[in-house]
Amino acid sequence: MLDVFALGQCVVDRLALVDRLPAADEKAEVASIREECGGPAATASVALARWGRRCAFAGVVGDDPEGRRIREDLEAEGVEPRLLVRTGETSQFAFVAVERGSGRRRIYWRRPSGAAPTPLEIDPPAARVFLTDGLFGEASVAAAAQAQVVVVDAGTLRDGTRKMIPHADIFVSSESFARDYAGGPRATVEKLRAEGISVAGVTLGERGFLANVAGQWLEHPAHPVETVDTTGCGDLFHAGLVEGILAGWPWDKCFDFANWAAAQAATALGGRAGIPPLGRYAG
């Protein structure tokens, strides 16, 4: 049995560090450039593999250079790639402008042109934890039935994330999802708990997180770091939660580790460059 089966977005990110995000028709000189692979569930699976977990990731790519790069990167990281290659289609990629000092970003992206996976195409394996970012709703529902614990990373309010609510054990969203779903973080957590989810939370950037575990509220600001780029912080938060679940930690330690891992992601340009070694956590 796998430790983690992840399903969702996979992307090639091209990141540029600039002194200031330019206004319309302005130019900005680039201080440094980095290209790496990303995607919420994909990056979380890479972090977990680096921490010693047996992981597989499924997503959709085209038969283009980006698709090959995504596969090669997963293989190099020790994540089993279960990618569906759509012939003649293009893979997802993004260009990210990151402001030096603040870590604020502007993201320009292209979704994959290939069709979403069907449940039969995914053929979900048995896993201790299933992690999804809700991009592929029908396939995610099917995969959830094969896992012991189902974790949802809800970055955006979309049909896929809504479909996962009845099937999720742990559901942690972004603040933008929370605004769209119930008007704010606390209302979103309360609504998710009322839907039957045992562990619900919202990540809040530099304000940390807000969560409710079986009726108990947890809240903590972000761990202080020198911010370079906030790409991947939410991905690492979910990876940290999953690691805590697999390790059998109490929920307050799971969330503290997730909060710590998310902060470390912000210390480097790119969502995976800042993945910290597990041994650095002192909690």
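Could you count how many residues in segment 75-88 are over 14 Å from V11 (Cα atoms), of a type outside the set (S, T, N, Q) and in a loop (DSSP other than H, G, I, E, B)?
Adding up the residues that qualify gives 5.
Would you confirm, using the coordinates I've provided, whether L74 is in contact with a helix residue (DSSP H, G or I) (Cβ under 6 Å, 6 or more places away or on another chain), under 18 Å from L135 (Cβ atoms) and aliphatic (A, V, I, L, M)?
Working: in contact with a helix residue (DSSP H, G or I) (Cβ under 6 Å, 6 or more places away or on another chain): no; under 18 Å from L135 (Cβ atoms): yes; aliphatic (A, V, I, L, M): yes.
Spelling it out, it is not the case that L74 is in contact with a helix residue (DSSP H, G or I) (Cβ under 6 Å, 6 or more places away or on another chain), under 18 Å from L135 (Cβ atoms) and aliphatic (A, V, I, L, M).
Which residues, counting only those in segment 262-283, are in a helix (DSSP H, G or I) and closer than 17 Å to V79 by Cβ?
Quick first cut of segment 262-283, residues in a helix (DSSP H, G or I) only: 262-265, 278-280.
Selection gives L278 alone.
What is the number of the single condition among (1) at pLDDT below 95; (2) buried (at least 17 other Cβ atoms within 10 Å of the Cβ) that E29 does not meet?
The single condition E29 does not satisfy is (2).
Hey, A28 hits all of (1) farther than 23 Å from Q148 by Cβ; (2) of a type in the set (A, V, I, L, M, F, W, C); (3) assigned to a strand (DSSP E or B) but one; which does it fall short on?
For A28, the failing item is (3).
For segment 1-24, give me each residue that is of a type in the set (V, I, T) and in contact with a Ser or Thr (Cβ under 9 Å, 6 or more places away or on another chain). Even if it seems obvious, please write down each step before you answer.
Let us first name the residues in segment 1-24 that are of a type in the set (V, I, T), namely 4, 11-12, 18.
Once the filter is applied, which keeps residues that are of a type in the set (V, I, T) and in contact with a Ser or Thr (Cβ under 9 Å, 6 or more places away or on another chain), segment 1-24 yields V4, V11, V12.
Can you pull out every residue in segment 125-165 that is crowded, with 24+ Cβ neighbours inside 10 Å and of a type in the set (D, E, K, R)?
Passing the criteria: D133, D153.
Among (1) touching a helix residue (DSSP H, G or I) at 6+ places or on another chain (Cβ under 7 Å); (2) more than 18 Å from A41 (Cα to Cα), which single condition is R280 missing?
Exception for R280: condition (1).
Give the residues of segment 141-163 that are under 21 Å from A239 (Cβ atoms) and touching a His at 6+ places or on another chain (Cβ under 8 Å), sorted by residue number.
Listed by number, the residues that qualify are A144, V150, V151, D153.
Which residues, counting only those in segment 218-240, are of a type in the set (V, I, T) and farther than 11 Å from T267 by Cβ?
Passing the criteria: only T231.
So, in segment 220-255, exactly how many residues are charged (D, E, K, R), surrounded by fewer than 21 Cβ atoms within 10 Å (Cβ to Cβ) and touching a strand residue (DSSP E or B) at 6+ places or on another chain (Cβ under 7 Å)?
So the first thing to find is which residues in segment 220-255 are charged (D, E, K, R), and the list is 226, 229, 235, 243, 252-253.
This time we only want the ones that are surrounded by fewer than 21 Cβ atoms within 10 Å (Cβ to Cβ), so: 226, 252-253.
Going one step further and asking which of them are touching a strand residue (DSSP E or B) at 6+ places or on another chain (Cβ under 7 Å), we end up with 252.
Number of matching residues: 1.
Within the group E66, E77, which residue is within 18 Å of the chain's Cα centre (by Cα), among the charged types (D, E, K, R) and at pLDDT 95 or above?
Details: E66 fails: within 18 Å of the chain's Cα centre (by Cα).
It is E77.
Among the residues that make up segment 249-256, is at least one of them within 28 Å of Q146 (Cα to Cα) and part of a loop (DSSP other than H, G, I, E, B)?
Yes, some residue in segment 249-256 is within 28 Å of Q146 (Cα to Cα) and part of a loop (DSSP other than H, G, I, E, B).
Filter segment 183-236 for residues that are in a helix (DSSP H, G or I) and either at pLDDT below 95 or of a type outside the set (A, V, I, L, M) (or both) and give the result. Break it down stepwise before answering.
Quick first cut of segment 183-236, residues in a helix (DSSP H, G or I) only: 185-194, 205-207, 233-236.
Within segment 183-236, P185, R186, T188, E190, K191, R193, G205, E206, R207, C233, G234, D235 meet the criteria.
Looking at R20, R34, R53, R69, can you tell me which residue is in a strand (DSSP E or B) and of a type in the set (K, R)?
Exactly one of R20, R34, R53, R69 is in a strand (DSSP E or B) and of a type in the set (K, R), namely R34.
Among the residues of segment 256-283, how many are surrounded by fewer than 18 Cβ atoms within 10 Å (Cβ to Cβ), of a type in the set (K, R) and touching a residue at least 60 places away in the same chain (Cβ under 8 Å)?
Of the residues in that region, 0 qualify.
Please go through segment 156-195 and pick out each residue that is in contact (Cβ under 8 Å) with a residue 60 or more places away in the chain and either of a type in the set (V, I, T) or farther than 20 Å from P40 by Cα (or both). Don't jump to the end; show me each part of the working.
Here is the first cut: in segment 156-195, the ones in contact (Cβ under 8 Å) with a residue 60 or more places away in the chain are 170, 172, 174.
Result: I170, V172.
Can you name the residue in segment 1-26 that is among the β-branched types (V, I, T) and surrounded by 24 or more Cβ atoms within 10 Å (Cβ to Cβ) and, of all such residues, is farthest from T230 (Cα to Cα)?
Filtering segment 1-26 down to residues among the β-branched types (V, I, T) leaves 4, 11-12, 18.
In the following step, the residues that additionally are surrounded by 24 or more Cβ atoms within 10 Å (Cβ to Cβ) were identified as 4, 11.
Working: V4: 24, V11: 16 Å.
Checked segment 1-26; the qualifying residue farthest from T230 (Cα to Cα) is V4.
The values are calculated or read from the model by the stated rules, or taken from the named source; none is laboratory data. Given the structure is predicted, the values throughout are model-derived calculations rather than measurements. Backbone-built Cβ (ideal geometry, glycine too); neighbour counts: all protein chains shown.
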